[in-house]
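Have a look at the structure below before the remarks.
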Amino acid sequence: MSSLLVDTIGELVTNGTGEGPLGIRRKAAVLIEEGRVAWVGPAAYAPAADRRVDAGGAAVLPGFVDSHAHLVFAGDRAAEFAARMAGERYTGGGIRTTVGATRAASDDELRATVRRLRGEALRQGTTTMEIKSGYGLTVADEARSLRIAAETSTETTFLGAHVVPAEYADRPDDYVGLVCGPMLAAAAPHAKWIDVFCERGAFDVDHARAILACGQAAGLGVRVHANQLGPGPGVQLGVELGAASVDHCTHLSDADMAALAGTARDDGSGTTTVATLLPGAEFSTRSPYPDARRLLDAGVTVALATDCNPGTSYTSSMPFCVALAVREMGMTPAEAVWAATAGGARALRRDDIGVLTPGARADLVVLDAPSYLHLAYRPGVPLIRQVLLNGVPQ
Ligand code: NIG
Ligand code: FE
C-alpha cells in the first residue's frame, strides 16, 4: 500500500478536533493511504511514508465542497450582465436564452464546457462539485445533461423544473406532468438529487411540492432554489419535505428562520436542512446579500457555494465566494471557510468530505499563504498552490 505524507503544515484546518471552530492544528502533518486520511498529528511525530509533499509552513485545508452549480449549458449571457450593470433588473427570463443554446449544442460541446468549468474550479481548490441539469427542459435534453454531468461528478441534480419552457408557457400543469413522468424516469438513473426553482415566474408551491414529491418517490434527495428574488414559500416547503438544503435564502421571514432552526439536530451539531448561500448571484445581479449572520445566530447550518451558471453567477471560484461572504454577509473568515468546506458537505449529506480527519477522503488544498485567513484577506489572488484529490496531487 503506497502512502503519502503532507508534511510541514504551518496551519492545518481539520474541521474536526483542534483549536476553534475549524479544528486547527499547527506544525502538523497528514498521512494519506489509499486516498484516505490515515493519520493527522504533529509534524515532529509523523510516521514514515513512501512519498512526501512539503507544505513549507503554509496552510492546508479540506478541498472546497461546491454544493450548487449549473455547469451543463451552452453560450454565455455577457450582454445580459452588462445590461444589469447599466441598471436592468434580473428576473430569470434569461434562463430561456440558455435553454435555446443548450438544446442546439452537441453532446461534445456540452461536455467540453462541463470539463472546462470543473477544471477551473479544481485549480481554485474545489474537490467536490455538485452539477445540476436544468437548461435542457425536454426529456432527451435533461437526460443527456445529467448523463454528461455524471461523467464528472457523483453529485448530480435533476432540475427539469428550472422554468416552464416557452412551448409549455400556457399549460404549466402539462409541463409538471412531463417533469414528474417521462422526464423524471429518464433523468433518475443519472441523478442523486432533485431541485425546483420555487419562485414567482418559475414554479409555485403546489407545482414545486408535486415535483419534489415525485423525485423523492423515485429515490432522489431534495434541494430547493428558494427565496432568491423575493419572499416566498420555498424555504418552508424544503423544510416540510426534509430537504438537505434550501439554496439562495436571500429573502427570509421570521417564519422561514423558525422553520430552518426547527430542523436542529438533537446533538447540537446544526440543522438537518442547510441554508446554502450563493453570494456570486447577488454580486452578479447587484442584489442585496442574504443575512448570514441572522442564520448563524439562529443556529442554522450555513453552506457557501458558487451557483456557477451563465446567468446569475458566472464564477467557479469558492475563494471569491468566501471573500464576498466575509465582506458582505457578516460572516467571520472561520465561518466562511467552514461553510465552504464542511458546510457544503452537510448540504450534500456527506461526512467523508469537507473534513481532514482519519477516514475522510484525502481531498485537500495547500495554500500559498500561512493561514486560511488570507482567503478573505487577499481577495482575487490565486492562493491555491496545490490540490490533492483522493490523495493524488493534481
Ligand atoms: O440559481 N435561480 C435560478 N437559477 C439560476 C439562474 C439561472 C440563470 O439565470 O440562467 C440561479 O441563480
Ligand atoms: Fe442555482
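Descriptive notes on the structure:
- Taken over the chain, the percentage of Cα pairs per 10 Å bin, counting from 0 up to the bin with the maximum distance, is 5, 25, 33, 24, 11, 2, 0.
- Helix-only [θ]222 nm of the chain, DSSP H runs n ≥ 4, -39500 (n - 2.57) each, per residue, nearest 500: -8500 deg cm²/dmol
- Accessible surface of residue 54 - all protein chains present, 1.4 Å probe, nearest 10 Å²: 90
- Spatial separation of Cα centroids for the stretch 49-80 and the stretch 198-254, in angstrom: 27
- Cysteines without a disulfide-compatible neighbour (Cβ-Cβ under 4.7 Å), the chain: 198, 249, 308, 321
- Debye, to nearest 20: dipole size of the chain, +1 on Lys, Arg Cβ, -1 on Asp, Glu Cβ: 740
- For the stretch 75-181, taking Cα atoms only, Rg and Dmax work out to 15.1, 44 Å respectively.
- Cβ-based charge dipole, the stretch 134-290, positive-most Cα from 138, 177, 166: 138
- Kirkwood's formula applied to the C-alpha pairs of the stretch 234-307 gives a hydrodynamic radius of 12.3 angstrom.
- Other residues within the sphere of radius under 13 Å centred on the Cβ of residue 195, judged by their own Cβ, net out at -3 (K and R +1, D and E -1).
- Rounded to whole Å, the principal axis extents of the Cα atoms in the stretch 289-363 read 36, 32, 19, largest first.
- Annotation: amide H-H contacts under 5 Å for residue 132 (H modelled 1.01 Å from N, sequence separation of 5 or more, or interchain): 69, 70, 71, 72, 157.
- FRET efficiency, residue 349 to residue 170 (Cβ-Cβ, R0 35 Å, nearest 0.05): 0.35
- Computing FRET efficiency as 1/(1 + (r/R0)^6) for residue 381 and residue 88, where r is the C-beta to C-beta distance and R0 is 45 Å, gives about 0.90.
- Panel values: the stretch 168-221, Kirkwood radius from alpha carbon pairs, Stokes-Einstein at 37 °C and 0.692 mPa s, translational diffusion coefficient 290 µm²/s.
- Rounded to the nearest 20, the size of the Cβ-charge dipole of the stretch 1-160 about its Cα centre is 220 debye, with Lys and Arg at +1 and Asp and Glu at -1.
- If the segment from residue 185 to residue 27 were pulled out straight at 0.36 nm per residue, it would be longer than the present Cα-Cα gap by 51.7 nm.
- Compactness ratio for the stretch 1-152: Cα radius of gyration over 2.2 N^0.38 Å (N = residue count) comes to 1.44.
- Sequence-distant contacts, meaning Cα pairs under 8 Å at least 6 residues apart, place the relative contact order of the chain at 20 percent.
- Modelled FRET efficiency - R0 22 Å, residue 368 with residue 269, Cβ distances, 0.05 increments: 0.10
- For the stretch 162-268, the spread of Cα coordinates along the three principal axes comes to 44, 29, 17 Å, biggest extent given first.
- Those trypsin sites (Lys or Arg not before Pro) in the stretch 188-277 that DSSP places in a loop and that have at most 11 other beta carbons within 10 Å: 265
- Antiparallel bridge percentage (DSSP; both residues within the chain; nearest 5): 45
- Near-label residues of the stretch 157-178 by backbone N, under 20 Å of a point 7 Å along Cα→Cβ of residue 103: 158-178
The values are calculated or read from the model by the stated rules, or taken from the named source; none is laboratory data. Keep in mind that what you see is a predicted model, and the values were worked out from it rather than measured. Virtual Cβ from ideal backbone geometry, glycine too; neighbours counted across all protein chains shown. The protein model used for the area step is the full one, side chains on, heavy atoms only, and it has no ligands, DNA or RNA in it. Shrake-Rupley method; radii C 1.70, N 1.55, O 1.52, S 1.80 Å.
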